[in-house]
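See below for the structure under consideration.
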Amino acid sequence: MFTASARSVYTAPEASRANALHAGAWWLWALGLAVAASRTTNPLLLGLLVGVAGYVVAARRTDAPWARSYGAFVKLGLFVVVLRVVFSLLLGSPIPGEHELFTLPEVPLPDWAQGVRIGGRVTAEQLVFALYDGAKLAALLICVGAANALANPARLLKSLPGALYEAGVAVVVAMTFAPNMVADVVRLRTARRLRGRPTGGVRAVLQIGLPVLEGALERSIAVAASMDARGYGRTARVPAAVRRTTNVLTLGGLLGICAGSYGLLAAEGAEYGLPLLLAGLVAAMAGLRLGGRRTVRTRYRPDRWGARAWLVAGSGAAVAVLMIRANAYAPEALHPGVVPLEAPELPLWPAASVLVGLLPAWVAPKPKENV
């Protein structure tokens, strides 16, 4: 039998300010799913990844404004798929094909535009290739949308190193623009619907767009005033030797990360890739640590990285690692053939590795409305 303490570990508690999951854990989980999506073009695996992300969002998102942006990212992903297929229809594709579907009128182009065509022969192979390519990009966008819907941007900003605080504020403001805009559009469409006014058409879009832009301007002014009141951009004096050391460590660390990443990706650099990457990470972290001395700010109630955050982030990392490993033993299943056309199959072990990403739906604290 489990004791009370053991049951508390295996049962997700109700979310509160004290036990809220670290925002960085959600982003690491989502980035792990995105890495897995970038390693395959199998539409069945991509659909499974999107389903895992959607299930976790449905189970653990709150009613905050940024949590409503997931639907917008899904629609954006579908638009990307359609746009990719349309571009393949109009501009052609280098993919050869034997199954011709139809032929579009081809626009004659001058000699200097050789290699580019508009219209012409359309084959089933090029459409399937465009569909696979668009589905991969759509899955990446939806994974980012899942992180945007689950992670609190303000709490993520609190966790950044001091040296990245100013840049982090700008990124957080940019990240919250889309969710707030979606919330404004939903609110205005609901208000027009209650008044008996149309919510579709060009005229309705124009009438909704002006209040949305006005609200965005008001929020920008409020954010600027609050940032100025909190001392945004003010720095402390540090010795010149510390500044030079910070610059050397940060620049050297970034160069080491780039060289190590290239070594891991290139076949001939496998020996020095990992040591360079680790050394670059250590140097960059030391540089950021020293650079944080210039930032004069305190942290109120800093978020803790607990066991549940490790489980959430680890599940995303496990999905990425297992999918990368799957490229070594099942490359044909992860990248179904287009020439000749082959029906995609759902490989067992890569699909099982994707299901590991469902772990946050059980270990992350439950929002109050989902308890």
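The values are calculated or read from the model by the stated rules, or taken from the named source; none is laboratory data. Since the model is a prediction, treat every value here as computed from it, not as a measurement. When we count neighbours, we look across all protein chains shown, and the Cβ atoms used for this are built from the backbone with ideal geometry, even at glycine. Only protein heavy atoms, including side chains, enter the accessible area calculation; ligands, DNA and RNA are left aside. Shrake-Rupley method; radii C 1.70, N 1.55, O 1.52, S 1.80 Å.
Residue by residue, here is whether (1) open to solvent by less than 50 Å² (accessible area, probe 1.4 Å); (2) farther than 30 Å from Asp184 by Cβ; (3) of a type in the set (Asp, Glu); (4) at pLDDT 90 or above holds:
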site	(1), (2), (3), (4)
Gly54	yes, no, no, yes
Arg84	no, no, no, yes
Leu91	no, yes, no, no
Gly97	yes, yes, no, no
Val107	no, yes, no, no
Cys143	yes, no, no, yes
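Table: residues versus (1) within 16 Å of the chain's Cα centre (by Cα); (2) modelled with pLDDT of 95 or more; (3) not in a loop (DSSP other than H, G, I, E, B).
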residue	(1), (2), (3)
Leu45	no, no, yes
Val57	yes, no, yes
Asp63	no, no, no
Tyr70	yes, no, yes
Gly77	yes, no, yes
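A quick yes/no check of all residues on (1) over 24 Å from Ala149 (Cα atoms); (2) modelled with pLDDT under 75; (3) not in a helix (DSSP H, G or I):
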| site | (1), (2), (3) |
| --- | --- |
| Val182 | no, yes, no |
| Ala222 | no, no, no |
| Gly231 | yes, yes, yes |
| Gly263 | yes, yes, no |
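Mind listing whichever residues of region 95-135 are hydrophobic (A, V, I, L, M, F, W, C) and assigned to a loop (DSSP other than H, G, I, E, B)? Reasoning before the result, please.
Within region 95-135, the first condition is being hydrophobic (A, V, I, L, M, F, W, C), and the residues that meet it are 95, 101-102, 104, 107, 109, 112-113, 116, 118, 122, 124, 127-131, 135.
If the condition is that a residue be hydrophobic (A, V, I, L, M, F, W, C) and assigned to a loop (DSSP other than H, G, I, E, B), then Ile95, Leu109, Val116 are the ones that fit.
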Restricting region 302-343 to residues that are touching a residue at least 40 places away in the same chain (Cβ under 8 Å) and basic (Lys, Arg), the residue that is most open to solvent (accessible area, probe 1.4 Å): Arg304
Leading residue by the ranking (modelled with the highest pLDDT) among those in region 266-324 that are out of contact with any helix residue (DSSP H, G or I) (no Cβ under 9 Å at 6 or more places or on another chain) and assigned to a helix (DSSP H, G or I): Glu268
Per-region count, region 32-47, residues over 10 Å from Ala139 (Cβ atoms) and open to solvent by 40 Å² or more (accessible area, probe 1.4 Å): 3
